[in-house]
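A.B. asks: Sending over a structure as structure tokens; questions will come in a sec.
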Amino acid sequence: MATVLEPPQSPSRQARLMGANMVAPLHAVLERHVSKADRDAVFAEAGLEDLPAEDSLLPEGQVAFLHRRVRENWPEAADEVLDTAGRVAAEVFVTERIPPKARLLLQNMPWSVSAWLVGKSIRLNSETFAGSGLFAIQTTSRFAMFQNPLATGIEAERPICQFYAALFEHTLQRLSHRDFICRETHCQATGHGHCVFEVTL
């Protein structure tokens, strides 16, 4: 199936902005793994001394810097921290952007239908998490992120986008089928042209 791309006219994409939901979950999750002082220090380093309002938009450079610092400062805990934060972000998306009636309809549809609709909903809201990047549905079981701001300029030996994988996985689990698994199989940070997320059941 041909790659489905969003038109490049999104104001958030043009302005290189991301939603506050890309950083607020990290603030809460980090305190379970590191000291409050260490957490506050890395947020301050990213220019985020005060948590942004839930509906605000942030420069993607701040968001990318914070995610990178989490991986650099706490490499042993980073995977778990980013995974958990991605799930918290997904829960916020599900509860605040999907109306209760729509959630109920999706949860009671055949999973093959609901999964496709959930993917489309993620794509329609991608300006909140993709920044200047481009999120695409390549097939019903494969998502892609082109020009991923969180992986740009980074060199790694393995995929680093645990936050995104958890975001997609938890959203699908909540709205379509609880056994969905999402894994990043190719990552821009490892030298691949773009990030690829495979969805399995």
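The values are calculated or read from the model by the stated rules, or taken from the named source; none is laboratory data. What you see is a predicted model, and the numbers here were worked out from it, not measured in a lab. So basically every Cβ, Gly included, is an ideal-geometry build from the backbone, and we count neighbours across all protein chains shown.
A.B. asks: Being assigned to a loop (DSSP other than H, G, I, E, B) and of a type in the set (Gly, Ala, Ser), is that true of even one residue in region 176-186? Can you show your working first?
C.D. replies: So in region 176-186, the residues assigned to a loop (DSSP other than H, G, I, E, B) come out as 176-180.
Checking which are of a type in the set (Gly, Ala, Ser) leaves us with 176.
Yes, because at least one residue in region 176-186 is assigned to a loop (DSSP other than H, G, I, E, B) and of a type in the set (Gly, Ala, Ser).
A.B. asks: Give region 153-163 a look and list any residue that's surrounded by fewer than 15 Cβ atoms within 10 Å (Cβ to Cβ) and either more than 27 Å from Glu91 (Cβ to Cβ) or not basic (Lys, Arg) (or both), or say none.
C.D. replies: The initial filter retains those residues of region 153-163 that are surrounded by fewer than 15 Cβ atoms within 10 Å (Cβ to Cβ), namely 153, 155-158.
Listed by number, the residues that qualify are Gly153, Glu155, Ala156, Glu157.
A.B. asks: Next question. Looking at Ala156, Ala115, Ala151, can you tell me which residue is under 14 Å from the mean Cα position of the chain (by Cα) and under 23 Å from His186 (Cβ atoms)? Show your work before the answer.
C.D. replies: Details: Ala156 fails: under 14 Å from the mean Cα position of the chain (by Cα); Ala115 fails: under 14 Å from the mean Cα position of the chain (by Cα).
Answer to the check: Ala151.
A.B. asks: Could I ask something else about it? Kindly provide the set of residues from region 187-201 that are out of contact with any Cys (no Cβ under 8 Å at 6 or more places or on another chain) and either among the acidic types (Asp, Glu) or in a loop (DSSP other than H, G, I, E, B) (or both), ordered by number.
C.D. replies: Passing the criteria: Gly191, His192, Gly193, His194, Leu201.
A.B. asks: Only one residue in Val63, Val42 is assigned to a helix (DSSP H, G or I), on the phi < 0 side of the Ramachandran plot and in contact with a strand residue (DSSP E or B) (Cβ under 6 Å, 6 or more places away or on another chain), so which one is that? Before the answer, list the steps.
C.D. replies: Numbers: Val42 fails: in contact with a strand residue (DSSP E or B) (Cβ under 6 Å, 6 or more places away or on another chain).
Answer to the check: Val63.
A.B. asks: Next question. I'd like the full set of residues that are of a type in the set (A, V, I, L, M, F, W, C) and either in contact with a His (Cβ under 9 Å, 6 or more places away or on another chain) or surrounded by fewer than 18 Cβ atoms within 10 Å (Cβ to Cβ) (or both), limited to region 99-135.
C.D. replies: At the first step, the residues of region 99-135 found to be of a type in the set (A, V, I, L, M, F, W, C) are 102, 104-106, 109, 111, 113, 115-118, 122, 124, 129-130, 134-135.
Result: Ala102, Leu104, Leu105, Met109, Trp111, Val113, Ala115, Trp116, Leu117, Leu124, Leu134.
A.B. asks: Further, regarding this structure: Can you pull out the helices (runs of 4 or more DSSP H) entirely within region 98-167 that have at least 2 residues that are in contact (Cβ under 8 Å) with a residue 40 or more places away in the chain and closer than 15 Å to Glu60 by Cα?
C.D. replies: On the way: elements: 100-107, 111-124, 127-130.
In region 98-167, 127-130 are the helices (runs of 4 or more DSSP H) which contain 2 or more residues that are in contact (Cβ under 8 Å) with a residue 40 or more places away in the chain and closer than 15 Å to Glu60 by Cα.
A.B. asks: Got a number for residues in region 159-187 being over 27 Å from Pro110 (Cα atoms) and either over 15 Å from the mean Cα position of the chain (by Cα) or modelled with pLDDT under 95 (or both)?
C.D. replies: Adding up the residues that qualify gives 1.
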